[in-house]
Amino acid sequence: MGQINFLAESLRQLKKAAVLSQTTAIFNRLKKPQKVIKFNLPLKLDDGQTKNFWCARIQNNNSLGPYKGGLRYHPQIDLDEMKSLALFMTLKSAVIGLPFGGAKGGIKVDPKKLSLKELERLTRIFTRRLAHFIGPQKDIPAPDVNTNPTIMAWIADEYGKIIKNKKKALAVVTGKPVGKGGSQGRKEATADGGFYVLKELLKKIGWKKKNFRVLIQGFGNVGYNLAEILFKNGFKIIGLADSRNEIIDKKGFDPAHIMQIKKSRGLIDGFYCRASVCDHDEKWHRHLLKNKILEHPADILIPCALENVITKKNAHRIKAKIILEMANGAITPKALNILHKRKIIVVPDILANAGGVTVSYFEWQQNLTNKYWSKEKVLKKLGQMMRRAFAQVWQTAKKYKTDLKTAAYILALEKIKKNINK
Ligand code: NAD
């Protein structure tokens, strides 16, 4: 599905939620961003040549607080995609109850083709051009595709030079390294948040047995950390996938072991046997065809890789009873309708993966107060906020007799409406 179709379909779904909850005036406000900032940046390369890079920042809505959202560095940045991501950031913050609006931005660049020095220069001149539009009370960027804590630290440093206050500048951006204004627990926050809401869901539906069979697509930051947490809590990780391979084993995998294999041999299925000792039981472990992991029998399916992986084409073949949508937009709106009719419970992305932005909020608070929290405190507060958001989404779904995604949209729209009418 093209991104524009996806945006149009997502907007249709959001409109449905707005009609149900009589919040169409809010929907009309959100569907177009408040501000679109676009510019070209000339960067002097190491060889002396100059190259232009297209940059943008989309500020969707700031009714609840300063704009908040990631910055991506990618050669195929699409303005419509960023507009939709900015809108969903507004909704995500509202669902969790964060005092933030939504934004997204980025630079059309393949960072792998730049030297580290060029990347730093590009980030710094980008910050200078954007400085007027961002700030701790205006717009707070964060990492996204191909951007990381080091890049966030460069932004904070450059912004500090502009406002001539390094300490105050820390709160202009989140996702910084610990020790440079970053928060404890940020790396695993998205996975932790997903685990908290999954636990709440299992309680609500009365699933008590142990050893739930789990499939995880994506073995990066979110997929790996969540696999680890689930494994440690007695869930059985029977299927794993990264961009190259899909593996299945009904006896279950130890994610740390698979990560070790991936690190040493580059592949999650790089098992081998030496004499009679195998580093995995080959009798059960086997490969799947691409995207087949999604359709394998299991209790819980967790997409943690790409958008649009569950579509109207495969939704009727999904066998899991619960889908925890950790990847943004993993399920298309049409697929969601099919899953809903099949009584498969979907915990929507704007709730399931909101742990990251929630700990970003904690980081911002720590920077503003100059008081830094322990990891225990971060996790405790994260748990409280995720559980509260889950309970509110659940109640909204019951009230409107609808699925959890529509309920999350309704909750967000209602919170924004309430704030505007204050
Ligand atoms: P990542 O880059 O660390 O990991 C992505 C993983 O997906 C990698 O293991 C990659 O091999 C795998 N992958 C790529 N293509 C695949 C394919 N076709 N089939 C199976 N696996 C494939 O990214 P991440 O930070 O873990 O983010 C994953 C998803 O979660 C994204 O949709 C992201 O937007 C969303 N998300 C992440 C965060 C966060 O804090 N990292 C927060 C909110 C949402």
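Give me the percent of DSSP beta bridges within the chain that run antiparallel, rounded to the nearest 5.
Close to 50 percent.
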If amide H atoms are built 1.01 Å from N in the plane of the peptide, which residues on other chains or at least 5 residues away come under 5 Å of the amide H of A320? A298
Which percent of Cα-Cα pairs in the range 168-225 sits in each 10 Å bin, short to long? 18, 36, 27, 15, 5
Can you pull the percent of the chain's accessible area that's carbon plus sulfur, 1.4 Å probe, other chains left in place? 52
Under the Karplus curve 6.51 cos²θ - 1.76 cosθ + 1.60, θ = phi - 60°, whole-Hz ³J(HN,Hα) for the range 140-150, x wherever Gly or Pro sits: 10, x, 8, x, 8, 4, 6, 10, 9, x, 4
For the chain, built as a Gaussian network whose Cα springs stay under 10 Å, the top-fluctuating residue of G193, G239, G65: G65
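Which value, in Å², gives the accessible area per residue of the chain when a 1.4 Å probe is used on the protein heavy atoms?
Result: 45 Å² of accessible area for each residue.
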At a probe size of 1.4 Å, how large is the accessible area of H257, to the nearest 10 Å²? 50
Given L294, T123, V347, which one lies farthest toward the positive end of the charge dipole of the chain, if we put +1 on the Cβ of every Lys and Arg and -1 on the Cβ of every Asp and Glu? V347
How large is log10 I(q)/I(0) at q = 0.10, 0.11, 0.13, 0.14 Å⁻¹ when the Debye formula is applied to the Cα atoms of the chain, each weighted equally and without solvent? -0.70, -0.84, -1.17, -1.33
Inter-label distance, nm, simple model (7 Å from Cα along the C-beta direction), K321/K204: 1.6
Using a Gaussian network model on the chain with a 10 Å cutoff between Cα atoms, which of Q49, Q217, Q260 fluctuates the most? Q49
Out of A191, A389, A131, any idea which swings most in a Gaussian network model of the chain, alpha carbons joined below 10 Å? A131
Check G69: other-chain or 5+ apart residues with amide H under 5 Å from its amide H, H built from backbone geometry? A103, I140, A142
List, in order, the whole-Hz ³J(HN,Hα) value for each residue of the range 212-218 obtained from phi through the Karplus relation with A = 6.51, B = -1.76, C = 1.60 and θ = phi - 60°; use x for Gly and Pro. 4, 7, 10, 10, 10, 9, x
Computed over the Cα atoms of the range 128-205, what is the convex hull's projected area averaged over all directions, in nm²? 6.5
Rounded to whole Hz, the Karplus (6.51, -1.76, 1.60) HN-Hα couplings of the range 17-26, x for glycine and proline: 5, 5, 5, 4, 9, 6, 10, 5, 5, 5
To the nearest Å, what is the center-to-center distance of the range 127-142 and the range 153-178, using C-alpha atoms only? 10
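The values are calculated or read from the model by the stated rules, or taken from the named source; none is laboratory data. In this text the structure is predicted, and so the values were computed from the model without any measurement. Glycine gets a Cβ as well: all are built from the backbone with ideal geometry, and neighbour counts include every protein chain shown. Side chains included, ligands, DNA and RNA excluded: accessible areas come from the protein's heavy atoms. Shrake-Rupley method; radii C 1.70, N 1.55, O 1.52, S 1.80 Å.
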